[in-house]
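So the structure is just underneath, and the comments pick up after that.
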Amino acid sequence: MQTVLESLNQALHTALASDERVYVLGEDILDPYGGAFKVTRGLSTAFPDRTMTTPISEAGIFGVATGMALRGLRPVVEIMFGDFITLIADQVINHAAKFRYMYNEQLSVPVVMRVPMGGRRGYGPTHSQTLEKIFLGIPGIRILAPCSLKDPGKLLLHAILHDDDPVLFIENKILYSRPVLSHEEDNDFKITTSDSQNQSDYAPAFHLSIREAPSPSLTIATYGYMVDLCRQAVLQLAYEDEIFIDLVVLTQLSPFNIEPIINSVHRTHHLLVVEEGTCTLGWGAEVLARSVENLGKEIYKAARVASLDVAIPASGPLESAVLPDIDDIIQAAKKMV
Amino acid sequence: MSNNSKSDSDQISKVELADLYRSMLRIRRFEETVLGEFSRGYFFGTTHTYIGQEANAVGVLRNIAPEDIVVSNHRSHGHFLAYGGDMRALFAELMGKSTGVCGGRGGSQHLYWKNFYSNGVLGGTSPIGTGIALAEKFNQRDTVTITFLGDGALGEGVVYESLNMASLWSAPVLFVLENNHIAQTTPAELNLAGSIVNRFNAFGIDSEALDTSDVLVIQSSAVRAISEVRKKSSPQALILNTYRFGPHSKGDDTRQEKEILELRKTRDPISILAERLDPDQINPIEEEVDDEVKQAFQKAESDPIPN
Ligand SMILES: Cc1ncc(C[n+]2csc(CCOP(=O)(O)OP(=O)(O)O)c2C)c(N)n1
Ligand SMILES: [Mg+2]
């Protein structure tokens, strides 16, 4: 069985092999090291001319990649830790994201930035965050968040080869070692893919429900590594508490499409949103706001599970207390139905 | 310097001198119109005029190859016109018209046309120019990318990241640093330490510094620098000490009027070149340019707004 890391690594190999316009840039990505998390392993051996190890200049690297994208290449940038996305904010927001629109649709910027995010590894306050919320809702960029379902590498490959706009590809670090679950192999869940109405959206949303279960009374919406935790919570809630859940998983966070969630809550009337980022003014807040705007009184109850609004401590027990876990999801669900 | 340029100008034909004069005058009259009409509400937002610095854009860009690339900054009108950009489209862009360079979406500081890109975030364009140059190199095109920066942009960290990468990866980029000794209202001595030349030299980027408003001198240095970049496929810098005669944007000049009058007397690129022309050459050019600017403005003014 393939891990998420292997899937992403294979996608990078395939991208470089299938299109000469693809370049990969990042800090410490050359073999034998192959990148801080090994996602770029083997690339510099197979494609030495198009795998560039860079100075420790996050804004500069992304700006260079943006320039390359303006002139017909399809660069992929690895940021060592997603926390450092703060250093690139200006290049993303005031440059790459703006060019297509402000230059009146005369050009596009096909650049992908891969950003490892997330905690649970004891790296402490500045190497554990889930910071994509800073960029959510910025027009002109797409934000994708793969999970262990289906094929995260395929999503990355599509972004690199076919998306003509800047993409932030959010990789939760814990996901790297998780096995990729194909729909067919999944013994517990029936998984359906809901494709967006919007033609340009290629990232799927998934609906997961326990096989042969009664109709669900709660929708959980989530993305990234929290999908794995939610699956376990959903199983436990079904077998121990007879609470049945429709789990909605998004892989595109921005531009935001509420449809798959609305479709589910329309039937369950209860919505729990689960994310690893901090709670206040986060992704979950937008999900709830949109759901209420769309469904009004059809929503009986809504709640969020997220990180506490504090920095993420290094010490294991403290970190666990700050980040949302399976038990937090279960407790929140039980309070709702 | 003056001896040198006299002999330069001896070899330059009357037609060429007239061309240079016309190019600079087009920028001057365009900018004067922008400043003059701004208060009458024809334009949106703000503007940064190039009055006093015309010799830089004209001297640097006059001899570039058609496929060469220009990455410009907030003070972009002069660069754009010298690059060959259309005057009516630039007026229209400032007026927010659909015939504008970017259909009115970008405005004064955000222009894209052919191989010309500008953005109004100081320093942020320098890695992009470097990446553009690298892409051209990787694609085996012998294009030169010219990135314009002001002295104030030297306060931005990303500029140094870019110099490092440009040198490290031998990006064929010419950094043109227009040092007008002021950033908005702050004189360079209050925001800039050390030496500008040494900044480039520290990264192994060869540079030449000029202190002149003579377009012929700037032109010959630029031709040399651009051909070096092309030949060696590696970066160079051209530091142009220069003076801004107008306000930073509109009516925000905190300098003494006396100081500006003195600059206009000694460092006006247009009067410096005028001395080399026959007096009877000048009038027809003046009339021609006045007429062009007037017509461009009027046409842009009657152009439609975007829907
Ligand atoms: C990142 C950034 N900070 C501040 C500004 C506002 N601003 C516009 S022009 C300017 C001064 C620029 O000085 P300089 O680089 O010397 O260029 P000049 O205006 O003299 O041509 C400032 C502060 C900006 N556009 N971008
Ligand atoms: Mg300045």
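The values are calculated or read from the model by the stated rules, or taken from the named source; none is laboratory data. The model shown is predicted, which means the values in this text are computed figures rather than measured ones. Backbone-built Cβ (ideal geometry, glycine too); neighbour counts: all protein chains shown. Keep in mind that these areas ignore ligands, DNA and RNA; they rest on the heavy atoms of the full protein, side chains included. Shrake-Rupley method; radii C 1.70, N 1.55, O 1.52, S 1.80 Å.
The table below gives the values:
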item	result
Shape category assigned to chain B from the gyration tensor of Cα positions, a/c cut at 1.5	rounded
Residue B:52 long-range amide H proximity, modeled H, under 5 Å	B:245
Within region A:97-187, GluC sites (Glu not before Pro) in DSSP loop having at most 12 other beta-carbon neighbours inside 10 Å	A:105, A:184, A:185
Test item: Cα-centred dipole of chain B, Lys/Arg +1 and Asp/Glu -1 on Cβ, debye	640
Carbon plus sulfur fraction of accessible area for region A:189-336, probe 1.4 Å, in percent	51
Farthest toward positive dipole pole in region A:202-258 [+1 Lys/Arg, -1 Asp/Glu at C-beta], among A:204, A:238, A:219	A:204
Filtered GluC sites (Glu not before Pro), region A:1-89: DSSP coil and at most 10 other beta carbons within 10 Å	none
Charged-residue dipole, Cβ positions (Lys, Arg, Asp, Glu), the protein assembly as shown about Cα centre, Debye nearest 20	180
Residues residue B:265 and residue A:280, FRET efficiency given R0 of 56 Å [Cβ-Cβ distance, rounded to 0.05]	0.40
Helical contribution to [θ] at 222 nm, DSSP H n ≥ 4, -39,500 (n - 2.57), averaged over chain B, rounded to 500	-15500 deg cm²/dmol
Average beta carbon contacts from partner chains per residue of A:72-80, 10 Å cutoff	2
Low-density loop cleavage sites - chymotrypsin sites (Phe, Trp or Tyr not before Pro) in region A:17-99, where at most 16 other Cβ are within 10 Å (DSSP)	A:33
Euclidean distance between Cα centres, region A:1-73 to region B:157-182, Å	24
C-alpha center-to-center spacing [region B:109-133, region B:41-84] in angstrom	12
Compactness of the protein assembly as shown - radius of gyration and Dmax, Cα, Å	28.7, 99
Over chain A: helical MRE at 222 nm, DSSP H runs n ≥ 4 each giving -39500 (n - 2.57), nearest 500	-9500 deg cm²/dmol
Dipole of region A:4-177 [Lys/Arg +1, Asp/Glu -1 at C-beta], most positive-end residue of A:138, A:174, A:51	A:174
Rounded to the nearest 20 debye, dipole of region A:67-200 from Cβ charges on Lys, Arg, Asp, Glu	300
Using a Förster distance of 45 Å, the FRET efficiency for residue B:191-residue B:223 (Cβ separation, nearest 0.05)	0.90
Shape call, region A:183-318: gyration tensor on alpha carbons, a/c limit 1.5	rounded
Stretch gain in nm, segment residue A:184-residue A:164, where the contour uses 0.36 nm per residue and the Cα spacing is subtracted	4.0 nm
Leading residue at positive end of dipole, the protein assembly as shown (Cβ point charges), from B:25, A:337, B:234	A:337
Ranked packing of B:160-169, A:234-243, most packed first, by mean Cβ within 10 Å	B:160-169, A:234-243
Accessible-area order (highest first, 1.4 angstrom probe) of the listed residues B:33, A:66, A:193	A:193, B:33, A:66
Cβ-based net charge around residue B:182, under 13 Å, with every Lys or Arg adding one and every Asp or Glu removing one	-3
Global geometry of region B:10-74, whether rounded, prolate or oblate, following the gyration tensor of its Cα atoms and the 1.5 cut on a/c	oblate
Other-chain or far-sequence residues with amide H under 5 Å of residue A:254's (modelled H)	A:143
Karplus-derived 3J(HN,Hα), 6.51/-1.76/1.60, for each residue of region B:201-209, Hz, glycine and proline x	4, 4, 9, x, 9, 5, 9, 10, 10
Distant-in-sequence amide H partners of residue A:22 (H built 1.01 Å from N, under 5 Å)	A:74
